[in-house]
Amino acid sequence: MCEFTVYLNGRDDSDIVATNVIKSRMKDGHVSLMDSAGKTYRIEDATIVTVDSIMAEMHLRSAA
């Protein structure tokens, strides 16, 4: 299973919004994420830009 580090608007450590993410879904105006421990994250006004399974990274962009 691939666990992703999720970045919002960049690639710096300060841009990380979640780690060990195993599930993601775009919903009405936000991105829902779930990590391997079952913790959920809701990133408002964001879209998924890239998913890279080799680097285990997901990049989101904020619309705000």
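Miscellaneous remarks
- Residues that are touching a residue at least 40 places away in the same chain (Cβ under 8 Å) and either over 11 Å from residue 58 (Cα atoms) or not aliphatic (A, V, I, L, M) (or both) number at least 3 in the following strands (runs of 3 or more DSSP E) confined to the stretch 1-47: 4-8.
- Selection from the stretch 48-58 of residues that are without any contact (Cβ under 8 Å) to a residue 12 or more places away in the chain and in a strand (DSSP E or B): 50, 52
- Members of the stretch 41-60 that are over 18 Å from residue 2 (Cβ atoms) and either more than 11 Å from the chain's Cα centre (by Cα) or surrounded by fewer than 16 Cβ atoms within 10 Å (Cβ to Cβ) (or both): 42, 44, 45, 47
Each value in this text was obtained by applying a stated rule to the coordinates, not by laboratory testing. Computed from a predicted model, the values in this text were never measured in an experiment. Note: ideal-geometry Cβ built from the backbone for every residue, glycine included; neighbour counts use all protein chains shown.
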